[in-house]
Amino acid sequence: MGRPPLPIGTYGEIGVVHVGGRRPRWRARARFRDVDGVTRLVERVGSSRSAAVNGLRAALRDRQWVAPGGEITPDAMVRAVAAAWLRELDESDRAIRTKVTYR
(Lines give C-alpha, C1' and ligand atoms only; values in the text may rest on other atoms or scores of the structure.)
Protein backbone atom coordinates (compact mmCIF):
# COMPACT_ATOMS: atom_id res chain seq x y z
CA MET A 1 0.00 0.00 0.00
CA GLY A 2 1.37 3.41 -0.97
CA ARG A 3 1.74 6.51 1.08
CA PRO A 4 -1.50 8.49 1.50
CA PRO A 5 -1.59 11.84 -0.31
CA LEU A 6 -1.15 15.12 1.50
CA PRO A 7 -4.43 16.59 2.71
CA ILE A 8 -5.56 19.56 0.62
CA GLY A 9 -4.04 22.85 1.78
CA THR A 10 -1.07 21.26 3.58
CA TYR A 11 2.60 20.78 2.86
CA GLY A 12 5.10 18.00 3.40
CA GLU A 13 8.57 17.97 4.86
CA ILE A 14 10.71 21.06 4.27
CA GLY A 15 14.07 20.27 2.73
CA VAL A 16 16.94 22.77 2.86
CA VAL A 17 20.13 22.65 0.77
CA HIS A 18 23.12 24.94 0.51
CA VAL A 19 23.42 26.44 -2.97
CA GLY A 20 27.00 27.25 -3.94
CA GLY A 21 28.23 30.24 -5.86
CA ARG A 22 29.76 33.61 -5.14
CA ARG A 23 27.27 34.42 -2.43
CA PRO A 24 26.29 31.56 -0.16
CA ARG A 25 22.56 30.95 -0.51
CA TRP A 26 20.12 28.46 0.96
CA ARG A 27 17.15 26.92 -0.84
CA ALA A 28 14.12 25.56 1.04
CA ARG A 29 11.60 23.35 -0.75
CA ALA A 30 8.37 21.59 0.13
CA ARG A 31 5.53 19.94 -1.72
CA PHE A 32 2.19 21.69 -1.28
CA ARG A 33 -1.19 20.21 -2.21
CA ASP A 34 -3.35 22.95 -3.69
CA VAL A 35 -7.13 23.03 -3.46
CA ASP A 36 -7.35 21.66 -6.99
CA GLY A 37 -5.76 18.45 -5.66
CA VAL A 38 -2.44 18.87 -7.49
CA THR A 39 0.74 18.63 -5.44
CA ARG A 40 3.25 21.29 -6.47
CA LEU A 41 6.83 21.99 -5.47
CA VAL A 42 7.23 25.40 -3.78
CA GLU A 43 10.65 26.84 -3.05
CA ARG A 44 12.23 29.98 -1.63
CA VAL A 45 15.86 31.08 -1.43
CA GLY A 46 17.44 33.04 1.40
CA SER A 47 20.80 34.31 2.59
CA SER A 48 20.68 31.96 5.58
CA ARG A 49 19.09 28.63 6.35
CA SER A 50 16.47 30.17 8.63
CA ALA A 51 15.70 32.97 6.14
CA ALA A 52 15.00 30.41 3.43
CA VAL A 53 12.78 28.31 5.71
CA ASN A 54 10.91 31.35 7.04
CA GLY A 55 10.36 32.64 3.51
CA LEU A 56 9.02 29.28 2.44
CA ARG A 57 6.70 29.01 5.43
CA ALA A 58 5.34 32.50 4.71
CA ALA A 59 4.76 31.59 1.05
CA LEU A 60 2.98 28.38 2.03
CA ARG A 61 0.85 30.19 4.58
CA ASP A 62 -0.20 32.86 2.08
CA ARG A 63 -0.79 30.42 -0.77
CA GLN A 64 -4.45 30.57 -1.77
CA TRP A 65 -6.26 29.49 -4.85
CA VAL A 66 -8.50 32.11 -6.40
CA ALA A 67 -10.43 31.72 -9.63
CA PRO A 68 -9.54 34.10 -12.47
CA GLY A 69 -12.62 36.21 -11.71
CA GLY A 70 -11.46 36.58 -8.12
CA GLU A 71 -14.85 35.83 -6.60
CA ILE A 72 -14.44 32.13 -5.87
CA THR A 73 -12.31 31.31 -2.86
CA PRO A 74 -12.11 28.22 -0.64
CA ASP A 75 -14.66 29.90 1.67
CA ALA A 76 -17.20 30.60 -1.11
CA MET A 77 -20.72 29.23 -0.74
CA VAL A 78 -22.00 26.76 -3.32
CA ARG A 79 -24.67 29.21 -4.49
CA ALA A 80 -21.98 31.80 -5.32
CA VAL A 81 -20.02 29.21 -7.29
CA ALA A 82 -23.18 28.11 -9.12
CA ALA A 83 -24.10 31.71 -9.94
CA ALA A 84 -20.63 32.35 -11.36
CA TRP A 85 -20.83 29.13 -13.40
CA LEU A 86 -24.26 30.08 -14.79
CA ARG A 87 -22.99 33.55 -15.75
CA GLU A 88 -20.09 31.94 -17.57
CA LEU A 89 -22.50 29.53 -19.27
CA ASP A 90 -24.72 32.39 -20.45
CA GLU A 91 -21.72 34.17 -21.97
CA SER A 92 -20.51 31.02 -23.74
CA ASP A 93 -21.22 30.07 -27.35
CA ARG A 94 -23.02 26.84 -26.42
CA ALA A 95 -26.33 26.00 -28.04
CA ILE A 96 -29.46 27.42 -26.45
CA ARG A 97 -30.82 23.93 -25.77
CA THR A 98 -27.60 23.03 -23.94
CA LYS A 99 -27.92 26.14 -21.77
CA VAL A 100 -31.52 25.25 -20.93
CA THR A 101 -30.56 21.67 -20.09
CA TYR A 102 -27.68 22.77 -17.86
CA ARG A 103 -29.92 25.20 -15.97
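The values are calculated or read from the model by the stated rules, or taken from the named source; none is laboratory data. Everything numeric in this text was worked out from a predicted model, so none of it was measured. Cβ atoms come from the backbone with ideal geometry, glycine included; neighbour counts cover every protein chain shown.
In the stretch 34-92, what residues are within 11 Å of the chain's Cα centre (by Cα), modelled with pLDDT of 90 or more and assigned to a helix (DSSP H, G or I)?
ALA59, LEU60
Where residues in the stretch 13-33 are in contact (Cβ under 8 Å) with a residue 24 or more places away in the chain and assigned to a loop (DSSP other than H, G, I, E, B), which of them is nearest to ALA52 (Cα to Cα)?
It comes out as ILE14.
Can you tell me which residues in the stretch 93-102 are in contact with a helix residue (DSSP H, G or I) (Cβ under 9 Å, 6 or more places away or on another chain) and either assigned to a helix (DSSP H, G or I) or modelled with pLDDT under 85 (or both)?
Selection gives THR98, LYS99, TYR102.
Hey, does the stretch 12-24 have a residue that's at pLDDT below 90, touching a Phe, Trp or Tyr at 6+ places or on another chain (Cβ under 8 Å), more than 30 Å from ARG103 (Cβ to Cβ) and surrounded by 13 or more Cβ atoms within 10 Å (Cβ to Cβ)? Spell out the reasoning first.
Here is the first cut: in the stretch 12-24, the ones at pLDDT below 90 are 20-24.
From what's left, touching a Phe, Trp or Tyr at 6+ places or on another chain (Cβ under 8 Å): none.
No - not one qualifying residue is present in the stretch 12-24.
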